[in-house]
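The values are calculated or read from the model by the stated rules, or taken from the named source; none is laboratory data. All figures in this text were calculated on a predicted structure; none of them were measured in a lab. Cβ sites come from the backbone with ideal geometry, for glycine too, and all protein chains shown count toward neighbours. Accessible surface is based on the protein model in full, side chains and every heavy atom, while ligands, DNA and RNA are left aside. Shrake-Rupley method; radii C 1.70, N 1.55, O 1.52, S 1.80 Å.
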Amino acid sequence: MHDILPSDTPYWQMLETAVRRLMRNYSYEEIRMPLVEKTELFVRTIGDVTDIVEKEMYTFEDRNGDSLSLRPEGTASCVRAGIEHGLLHNQIQRLWYMGPMFRHERPQKGRYRQFQQVGVEAFGIASAALDAELIFMTQRLWKALGLNDLQLQLNTLGSSASRIAYREQLVEYFSDHHNELDDDSKKRLTRNPLRILDSKNPALSELIQAAPLLSEFLDEESQQHFSELTALLDARGINYEVNPHLMRGLDYYQKTVFEWVTDQLGAQGTVCAGGRYDGLVEQLGGRATPAAGFALGVDRLMALLQSRDVTPEHDFSQLYLILVGDAVQHAGLQLAETVRDALPEIRLRVNCGGGKFNAQMKRADRSGADIALILAEDEHNNAQISVKYLREERPQKTIGQSKLIEYLDNLMKTRVSK
Ligand code: HAM
């Protein structure tokens, strides 16, 4: 779990702003869910033989003896909330959320135990047009962030019937090669054989390459759905690679699954992942409702943005109000409030607690301020204030306090339009 320090938060805010704009642009509505849910919810949705549920959840008993878990992802909670509040019944919902998720994974670059996701979930639309919309959204976000070299991997998992048939074939195939499997895969063989295909162990890559493919077992409807999706992506000029081994680590998917990946982040290169989960709402007790979504790994996107030198847009310069002498402290605080009343966009920091002029100037400089406003007794007595530019060669200026708001307002306008 890691702290996000003030030097990094402007990047996070930049992404959050871009996300909010994107969601508005596609008319998705925000939903906020609790960080804690009944453990059972995740076991039933993500799957009891997935890595997440088997070994990564923060699970505890509360005072009533109920088993609760910190959420490892948001889809399950979103479906639960949708059913509980009657949002899904015969309705179309396009929802999004942002917040921390928790998984007790082995920490490494790009993999944390508390990480941030932006999730998008849409309910009530069975058509491939929705799958395409989700991918268009992500593509638009990459463009807004200047990330133009992410690759889209795409697969279809078919209906649950086609997966069951495929699973049998796969167990047969890997059982015939039992000696070549590593320990992890041997465990997965009986419990979750499709996940062997996701193995990153190079020793298994040949065996996996030669394994039977799910595409050979696909039902016609899923095939049709997938070709509609690829036609929509083609028409929009979005490049993708069909990766028949892309399985995803959560059990609820059917039909489309996708991941956006980069080779710039080492082993943890997936920055966004999602797919269709048409069976999940019904499985949790709601009416059968088609659904699809994705989640962005915000920490990983941050690492990418920062490695690229993308700099957040600069706000209007910060101002630092220096108050010299006991006599001006009271008036100085009042003046600062008057300025904030008139200019709510301004970034104004007041030197609270006195100090010598030089010490205050140092603080102003260290705060990153571009401009110091100086109120000492002289200025105070003449109803004036001095303006000193800390990062530019410009002469210090003294103006009447009655002109200060107009002066700062003009300054903001010229700086912002620069
Ligand atoms: P997921 O693939 O488990 O899917 O996670 C989505 C993204 O969250 C990953 O691609 C990655 O970028 C980020 N992520 C996951 N674990 C970590 C970690 N330990 N540290 C940093 N980042 C991480 C889901 O969670 C699904 N709920 C996505 C979805 C929404 N499918 C349909 N709707």
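Only one residue of Met14, Ser67, Val49 has its Cα farthest out toward the positive end of the dipole of the chain, where Lys and Arg carry +1 and Asp and Glu -1 on Cβ, and that residue is Met14. Across the protein chains, with a 1.4 Å probe defining accessible surface, the residues Ser199, Ser7 rank Ser7, Ser199 from largest area downward. Here's how it looks for Thr256: its modeled amide H is under 5 Å from those of Leu157, Arg276, which are all 5 or more places away or on a different chain. Among the GluC sites (Glu not before Pro) within region 96-146, those in coil by DSSP and having at most 16 neighbouring Cβ atoms inside 10 Å are Glu105. 3J(HN,Hα) along region 59-76, derived from phi through the Karplus expression 6.51 cos²θ - 1.76 cosθ + 1.60 where θ = phi - 60°, amounts to 10, 8, 9, 8, 5, 8, x, 7, 8, 10, 9, 5, 5, x, 6, x, 4, 4 Hz, with x in place of Gly and Pro.
Remark: the chain carries 51 Å² of accessible area per residue (probe radius 1.4 Å; ligands, DNA and RNA excluded). Evaluated with a Cβ-only charge set (Lys, Arg +1; Asp, Glu -1), the chain carries a dipole of roughly 1320 debye about its Cα centre, given to the nearest 20. Electrostatic bookkeeping for Val171 treats Lys and Arg as +1 and Asp and Glu as -1; over the other residues with beta carbon under 14 Å from its beta carbon, the sum is +4. Remark: region 398-404, residue by residue, has Karplus-estimated 3J(HN,Hα) of 10, 10, x, 4, 5, 9, 4 Hz, where x stands for each Gly or Pro and the curve is 6.51 cos²θ - 1.76 cosθ + 1.60 at θ = phi - 60°. Simple rule: put +1 on each Lys or Arg Cβ and -1 on each Asp or Glu Cβ in region 318-417, find the dipole, and look at Ile322, Gln384, Gly400; the Cα lying farthest toward the positive end is Ile322.
In a DSSP loop and with at most 15 other Cβ atoms within 10 Å, the trypsin sites (Lys or Arg not before Pro) in region 1-83 are Arg32, Arg63.
Couplings 3J(HN,Hα) of region 130-135, computed from phi: 5, 4, 5, 4, 4, 6 Hz, in residue order, whole Hz [Karplus 6.51 cos²θ - 1.76 cosθ + 1.60, θ = phi - 60°; x for Gly and Pro]. Look at the dipole of region 109-166 built from charges on Cβ: of Gln114, Ala165, Thr138, the Cα furthest out on the positive end belongs to Gln114.
Computed over protein heavy atoms with a 1.4 angstrom probe, the accessible surface ordering of Ser69, Ser175, largest first, is Ser175, Ser69. Using a Gaussian network model of the chain in which every pair of alpha carbons under 10 angstrom is joined by a spring, one finds that among Gly237, Gly110, Gly325 the greatest mean-square fluctuation is at Gly325. Principal axis extents of the Cα atoms in region 318-417, from largest to smallest and rounded to whole angstrom, are 38, 27, 23. Taking each DSSP H run with n ≥ 4 as -39500 (n - 2.57) and averaging over every residue of the chain yields -11500 deg cm²/dmol at 222 nm.
According to the square roots a ≥ b ≥ c of the eigenvalues of the Cα gyration tensor, what is the shape class of region 1-133, taking rounded for a/c under 1.5, prolate for a/b larger than b/c otherwise, and oblate for the remainder? Judged from the Cα gyration tensor, region 1-133 comes out oblate (a/c at least 1.5, b/c at or above a/b).
A DSSP coil position with no more than 16 other Cβ atoms inside 10 Å describes the following trypsin sites (Lys or Arg not before Pro) in region 304-376: Arg308, Lys356. Placing unit charges on the Cβ atoms only, positive for Lys and Arg and negative for Asp and Glu, gives region 146-211 a dipole magnitude near 320 debye about its Cα centre. Percent of accessible area on region 318-417 owned by carbon and sulfur, 1.4 Å probe? Whole-percent figure for carbon plus sulfur exposure: 47. The reciprocal of the average 1/r between distinct C-alpha atoms defines the Kirkwood hydrodynamic radius, which for the chain equals 25.0 Å.
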